[in-house]
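Read the structure below first, then the notes.
The values are calculated or read from the model by the stated rules, or taken from the named source; none is laboratory data. The structure presented is a predicted model; accordingly, all values stated were derived computationally and were not measured. Every residue, glycine among them, receives a Cβ derived from its backbone with ideal geometry; neighbour counts consider all protein chains shown. Heavy atoms of the whole protein, side chains included, go into the accessibility calculation; ligands, DNA and RNA do not. Shrake-Rupley method; radii C 1.70, N 1.55, O 1.52, S 1.80 Å.
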Amino acid sequence: MSQLHFQQGPIRPPSEANSLLIRTTQGCPWNKCSFCTLFKGMEFSIRPIEEIKNDIWAAKAFYKGRKFESCFLQDGDSFAMETSDLIEVLNTLKQAFPDLKQISSYGRAQTMTKKSAQEMKAICDAGLNMLYCGMESGSIDVLKKMKKGITPKSILKSAKHAKQAGMKMMTFIILGLGGKELSQEHVTETANLLNQIDPEEIRLLSLAVKQGTELDDMVKSGRFTPLNEQEMVLEQKALIEQLNGISSRYGNFHSINLLMEINGVLPQDKARFLSTIDDFLSLPIEKQYNFILGRRIHYYTELSDMNNQLYFDTVQNELAKTDMSNPVVLDDVFYQLRQRMI
Ligand code: SF4
């Protein structure tokens, strides 16, 4: 393949794997969340509009007539751009890639609420019709402890703002983000906020504490007690139980999650989600450990994969290398394996 002559940022949501990626901003305008290292050391900047437009045409030349139906605007927050500039970028994108049906971006609640309703509508009408929201939690205490710089109020306000403009919304929730200390509040308040927003899609992630983060320090100093794998499953169970009156897609797509089969639409799949969780929780503890390890070392995707005797035995052999009788040791093994996955 010929060399890229347009910028590509370091991240995109997994669901944008086949999308055209155009970089409008560099870094994250906040860059302070206790658990995140994504843009550490990178100063946030909005790219000059002429550079972005040049990138769009360079991408068109590079992909040689390939038709894209979706485009993701990188990095952390395209809404930080002047509205007129963002619309100019969107118009250029549509000109260069006329088959685009969806253009999406991350958007911070604080930035979006600075735009007027008319500006949001104009941005949506120009093509930016899908918003990724890193909500993570609906609990004010969890958001504060994690230094998210947003509040449930601002999340709700920005979500309403975006929805009124006609944008679809995908929200990310992190299981375990409250630790043991705030687990119950994390679940209840997150369900409460999601029930008010009714986003098009809810995606789950499971917490893995990155080394060198502020959260890592909090763990080491005893200010944050991470949940073990089973406790995160219980959090997900409680979350699903408390999601009511919404019609969102709900999914576990990231490999850091345990039960990947919990993926469907609310409310019709709620009973199936809960029964999958109960299937896991009712396994004898040794089998739960076998499944967790099998997920973490990539033998299994779903619970039913344990029926493959060869896989099961291989995982069991790996499990036997640990101190299987000591749950603390096993929790630590899984904690470290999760750390390696991010
Ligand atoms: S807002 Fe998102 S990208 Fe920015 S520091 Fe927080 S988690 Fe990381």
**Asked** Quick one: what pairs do we get from the stretch 94-106, first residue within 13 Å of ASP77 (Cα to Cα) and modelled with pLDDT of 95 or more, second open to solvent by 80 Å² or more (accessible area, probe 1.4 Å) and away from the ligand (no atom under 16 Å from the Cβ), C-beta under 9 Å, 6+ apart or different chains?
**Response** SER104/LYS168
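Regarding the stretch 26-33, can at least one residue be identified that is aromatic (Phe, Trp, Tyr) and in the same structural domain as LYS210 (by TED's automatic domain parsing)?
Step one: of the stretch 26-33, the residues aromatic (Phe, Trp, Tyr) are 30.
Checking which are in the same structural domain as LYS210 (by TED's automatic domain parsing) leaves us with 30.
Yes; the residues of the stretch 26-33 include at least one that is aromatic (Phe, Trp, Tyr) and in the same structural domain as LYS210 (by TED's automatic domain parsing).
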**Asked** Within the stretch 262-285, can you find the residues that are over 15 Å from SER247 (Cα atoms) and among the acidic types (Asp, Glu)?
**Response** ASP278, ASP279
**Request:** Quickly run through the stretch 300-342 and pick out the residues that are under 23 Å from the mean Cα position of the chain (by Cα) and not basic (Lys, Arg).
**Result:** TYR300, THR301, GLU302, LEU303, PHE334, TYR335, GLN336, LEU337, GLN339, MET341, ILE342
**Message:** So, LYS210, is that one touching a residue at least 60 places away in the same chain (Cβ under 8 Å) and in contact with a Cys (Cβ under 7 Å, 6 or more places away or on another chain) or not?
**Reply:** no
**Message:** Residues that are hydrophobic (A, V, I, L, M, F, W, C) and under 24 Å from GLU119 (Cβ atoms): does the stretch 205-221 have at least one?
**Reply:** no
**Request:** Read through the list (1) touching a residue at least 60 places away in the same chain (Cβ under 8 Å); (2) part of a loop (DSSP other than H, G, I, E, B), then give the number of the only condition that ILE292 fails.
**Result:** (2)
**Request:** Residues being within 27 Å of GLU214 (Cα to Cα) and in contact with a strand residue (DSSP E or B) (Cβ under 9 Å, 6 or more places away or on another chain): count how many of those fall in the stretch 159-186.
**Result:** 9
**Asked** So which of GLN102, GLN118, GLN110 ends up being within 15 Å of ILE22 (Cβ to Cβ) and in the same structural domain as LEU175 (by TED's automatic domain parsing)?
**Response** GLN102
**Item:** Matching option when the condition is closer than 28 Å to MET232 by Cα and basic (Lys, Arg), among LYS101, LYS148
**Value:** LYS148
**Fill in**
Going through the stretch 9-53 in order, the residues found to be crowded, with 16+ Cβ neighbours inside 10 Å, more than 15 Å from the ligand (Cβ to nearest atom) and more than 18 Å from THR111 (Cα to Cα) are SER15, GLU16, SER19, LEU20, LEU21, ILE22, ILE49, ILE52, LYS53
**Message:** Every residue in the stretch 62-108 that is open to solvent by 70 Å² or more (accessible area, probe 1.4 Å) and over 16 Å from ALA126 (Cβ atoms), please.
**Reply:** LYS64, ARG66, LYS67, GLU69
**Prompt:** Could you count how many residues in the stretch 262-277 are surrounded by fewer than 18 Cβ atoms within 10 Å (Cβ to Cβ) and either in contact (Cβ under 8 Å) with a residue 40 or more places away in the chain or assigned to a loop (DSSP other than H, G, I, E, B) (or both)?
**Reply:** 3
**Asked** Going through the stretch 110-132 one residue at a time, which ones are in contact with a strand residue (DSSP E or B) (Cβ under 8 Å, 6 or more places away or on another chain), in contact (Cβ under 8 Å) with a residue 40 or more places away in the chain and open to solvent by 10 Å² or more (accessible area, probe 1.4 Å)?
**Response** MET130
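Within the stretch 125-161, can you find the residues that are among the charged types (D, E, K, R) and part of a loop (DSSP other than H, G, I, E, B)?
First, the residues of the stretch 125-161 that are among the charged types (D, E, K, R): 125, 136, 141, 144-145, 147-148, 153, 157, 160.
Hits for the stretch 125-161 are LYS147, LYS148.
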**Complete:** With the first residue restricted to the stretch 1-30 and required to be among the acidic types (Asp, Glu) and at pLDDT 90 or above, and the second required to be assigned to a strand (DSSP E or B) and open to solvent by less than 70 Å² (accessible area, probe 1.4 Å), Cβ contacts under 8 Å at 6 or more apart or on different chains are GLU16/SER70; GLU16/PHE72; GLU16/SER104
